[in-house]
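Below is one structure, written out as structure tokens; the observations come after it.
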Amino acid sequence: DAEITQSPRHKITETGRQVTLACHQTWNHNNMFWYRQDLGHGLRLIHYSYGVQDTNKGEVSDGYSVSRSNTEDLPLTLESAASSQTSVYFCASSESRGPTDTQYFGPGTRLTVL
Amino acid sequence: GENVEQHPSTLSVQEGDSAVIKCTYSDSASNYFPWYKQELGKRPQLIIDIRSNVGEKKDQRIAVTLNKTAKHFSLHITETQPEDSAVYFCAASNTIRNFNKFYFGSGTKLNVKP
């Protein structure tokens, strides 16, 4: 079955280290998104992509980067991890087929920065 | 950009009672409004959505209403059951201008007491 996966599911790292979170979907969706989820803030958009070689900044993009070299993957990189980036990260994808482009979420990655 | 506010942040009801969660949005051009349910430790999952050309939509025990003039929409759950306990998120999207970009509310934690 087609799906969206994230890895790792849990990650502990140290301040200043570079970290990459993987997101892979097999639906052939053009649109992919990265969110972070923190208590009291809901889901906040970090970066998003509408297709290969396309990337865009969301509302909380500082300290994060993404690249889209193929349809299936949108890795999220924390260039120099900070304690403020401790969070649960969700990747999502959707089709480009019209006015109800439902986003489907991955299982999430819990990141702890010490 | 769009701003979505969600109330209440927590809601406790007795099993069998109804629950109502309300969201307001700021961008009158928003035209798609999904609702997601997130169980503890799980990914957000779409439970119902509504387009701006519809005032109400039902799916068994859940329904969503939309008031475009007042720019608010609500989730209604009837005959609540303990398995309805979760965090619920609303979202708004202008699928034309902000193609596929969702703005989420901060979430409502629903507790259904048996």
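The values are calculated or read from the model by the stated rules, or taken from the named source; none is laboratory data. Just so it is clear, the model here is predicted, and its values are computed rather than measured. Here Cβ is always computed from backbone atoms with ideal geometry, including for glycine, and neighbour counts include all displayed protein chains.
Side notes on the structure shown:
- Among the numbered conditions (1) in contact with a strand residue (DSSP E or B) (Cβ under 9 Å, 6 or more places away or on another chain); (2) under 26 Å from B:Phe89 (Cα atoms), the only one that A:Ile12 does not meet is (2).
- Residue among A:Glu72, A:Glu95 that alone is farther than 16 Å from B:Pro44 by Cβ, modelled with pLDDT under 95 and not polar (S, T, N, Q): A:Glu95
- Residue within region A:17-28 that is surrounded by fewer than 20 Cβ atoms within 10 Å (Cβ to Cβ) and either facing another protein chain (nearest Cβ under 9 Å) or among the aromatic types (Phe, Trp, Tyr) (or both) present: yes
- Look at (1) touching a helix residue (DSSP H, G or I) at 6+ places or on another chain (Cβ under 8 Å); (2) outside any strand (DSSP E or B) and you find that A:Thr71 fails only one, number (1).
- The number of residues in region A:46-94 being without any contact (Cβ under 8 Å) to a residue 60 or more places away in the chain, within 10 Å of another protein chain (Cβ to nearest Cβ) and within 22 Å of A:Ile12 (Cα to Cα) comes to 1.
- Scanning region B:37-67 for residues that are assigned to a loop (DSSP other than H, G, I, E, B) and closer than 25 Å to A:His41 by Cα yields B:Glu39, B:Leu40, B:Gly41, B:Lys42, B:Arg43, B:Pro44.
- Annotation: of all residues in region B:9-36 being among the small types (Gly, Ala, Ser) and assigned to a strand (DSSP E or B), the one that is surrounded by the most Cβ atoms within 10 Å (Cβ to Cβ) is B:Ala19.
- Residue check for B:Gly1: within 12 Å of another protein chain (Cβ to nearest Cβ), surrounded by fewer than 18 Cβ atoms within 10 Å (Cβ to Cβ), part of a loop (DSSP other than H, G, I, E, B) and touching a residue at least 60 places away in the same chain (Cβ under 8 Å): yes
- Single residue of region A:36-45 satisfying the filter (more than 8 Å from every other protein chain (Cβ to nearest Cβ) and assigned to a strand (DSSP E or B)) that is surrounded by the fewest Cβ atoms within 10 Å (Cβ to Cβ): A:Asp38
- Among (1) surrounded by 16 or more Cβ atoms within 10 Å (Cβ to Cβ); (2) within 11 Å of another protein chain (Cβ to nearest Cβ) - the single one A:Pro107 does not satisfy: (1)
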